[in-house]
Amino acid sequence: MIITYKIQRGIKKDKCDDSALIGSRVVNDEMGDLKIDTTGKVFISDGVGGNAGGDEASLFVMNQLSDLTLDESNEIIKARLLSVNDALIEYAKSISGHESMATTITGLIFENNRVVLAHCGNTRIYALQGSFLKQVTSDQTTYQWLLDKGQDEIAEHCNKSEIRGAFGGGTSKFADTLIVNNIFEKGFPRKILMTSDGIHDVLDIDEIEDIVTDESMISKDKVNRLVSLAVEKGSQDDCTAVLIETEEDIGDKN
């Protein structure tokens with residue numbers, strides 16, 4: 001499969017808080033593509049901008065996960081991820097002023113027909129089902145929690161960017177929301193998209209779907225357009241778009 005990605009530093013930001021892990025390669029504030037086989041992993045992370053050291057937190061976690069495999073049960077994988085969270089908290093204590101550094105993580109680990117989702121925060125995964133793009137993760141935010149409780153009016157007046165799940169933050173409790181489970185058991189989707197909130201907080205799903213399904217565009221143009229359109233519509237945050245496609249679906253277009 002081919003993974004095409006673009007991570008772009010936000011407007012007026014000195015450092016990029018978004019990072020990604022593609023196979024065993026960690027990327028940050030760059031664009032490219034990488035071919036991996038049917039055994040691998042793809043993660044994205046978004047360092048919490050309200051806490052100092054968001055860029056360090058996202059890079060730390062992505063590097064810690066570089067040797068993660070599916071040789072173990074989901075329970076052991078979850079324990080391994082939580083140990084990375086503990087390591088981040090300990091690392092943060094050694095950096096004055098960065099003790100509360102934190103990051104979201106969202107990713108897939110796959111081996112042949114088994115795919116495991118790991119999700120903590122508000123970075124997202126979408127999957128193409130037929131001709132429609134569907135969000136398959138749920139944002140761990142106060143806004144989404146209120147919507148799930150049926151408190152729509154209160155949700156509209158809350159801080160929509162406030163997250164309820166993350167790695168780090170100076171305490172292990174923020175990782176209590178970590179989800180690790182099997183996904184795509186009926187078959188790997190033709191296209192999977194991962195985004196940070198710099199994109200999906202600005203673009204609606206129809207706009208994202210139109211770009212992902214546009215057969216006149218090659219994959220690099222799609223991730224580039226997702227980022228550029230988000231910026232055009234006012235995003236000042238870091239933007240991440242990672243597109244996962246099977247080689248059969250891509251054909252000779254790239």
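About its Cα centre, what dipole magnitude does segment 1-159 give when the only charges are +1 on Lys and Arg Cβ and -1 on Asp and Glu Cβ, stated in debye to the nearest 20?
320 debye
Per 10 Å bin from zero, what fraction in whole % of the C-alpha pairs of the chain is there, up to the bin with the longest pair?
Computed distribution, short to long bins: 7, 33, 38, 19, 3, 0.
Given a 1.4 angstrom probe, what's the average accessible area per residue across segment 129-171, in square angstrom?
Result: 60 Å² of accessible area for each residue.
Specify, per residue and in Å³, the volume enclosed by the convex hull of the alpha carbon atoms belonging to segment 133-233.
For segment 133-233, the hull spanned by Cα atoms encloses 149 Å³ per residue.
Report the per residue volume, in Å³, of the convex hull enclosing the C-alpha atoms of segment 43-164.
Convex hull of Cα atoms, per residue: 133 Å³.
How large, in Å, is segment 16-89 by the Kirkwood hydrodynamic radius built from its alpha-carbon pairs?
Across segment 16-89, the inverse of the average 1/r is 13.1 Å.
Sort 12-21, 118-127 by the packing proxy (mean of other Cβ within 10 Å over each peptide's residues), most packed first.
Descending mean neighbour count gives 118-127, 12-21.
How large is the accessible surface per residue of segment 186-248, computed with a 1.4 Å probe and reported in Å² as a whole number?
On a per-residue basis, 42 Å².
If you take the charge dipole of the chain about its Cα centre, with +1 on Lys and Arg Cβ and -1 on Asp and Glu Cβ, which of S161, T141, V61 is farthest toward its positive end?
Towards the positive end, the residue furthest out is V61.
R0 = 22 Å: FRET efficiency of L34 with I218, Cβ-based, nearest 0.05?
Plugging the Cβ-Cβ distance into 1/(1 + (r/R0)^6) gives 0.90.
Pull up all non-local amide H partners of K191: gap of 5 or more, or a different chain, and H-to-H distance under 5 Å with H placed in the peptide plane.
Excluding prolines and chain starts, which carry no amide H, the hits are L128.
What's the local net charge at I89, with K and R +1, D and E -1, over the other residues with C-beta under 15 Å away?
Around I89, the surrounding residues sum to -3.
I want to check the label-to-label distance for D86 and D210. Put each point 7 Å from Cα in the C-beta direction and report it in nm to one decimal.
4.9 nm
Please list, in chain and number order, the residues 5+ apart from Q236 or on another chain whose amide H is under 5 Å from its amide H, with Hs placed from the backbone.
Excluding prolines and chain starts, which carry no amide H, there are no hits.
Mind listing the phi-derived Karplus ³J(HN,Hα) values for segment 223-230, rounded to whole Hz, using 6.51, -1.76 and 1.60 with θ = phi - 60°, and x for any glycine or proline?
After applying 6.51 cos²θ - 1.76 cosθ + 1.60, I find 5, 5, 5, 4, 6, 5, 5, 4 Hz.
Could you check the spin-label model distance between R190 and Q236? Points 7 Å from the Cα along Cα→Cβ, value in nm.
4.0 nm
The values are calculated or read from the model by the stated rules, or taken from the named source; none is laboratory data. These figures come from a predicted structure and were not determined experimentally. All Cβ positions, even for glycine, are placed from backbone atoms using ideal geometry, and neighbour counts span all protein chains on display. Note: accessible area is taken over every heavy atom of the protein model, side chains too, but ligands, DNA and RNA are not part of it. Shrake-Rupley method; radii C 1.70, N 1.55, O 1.52, S 1.80 Å.
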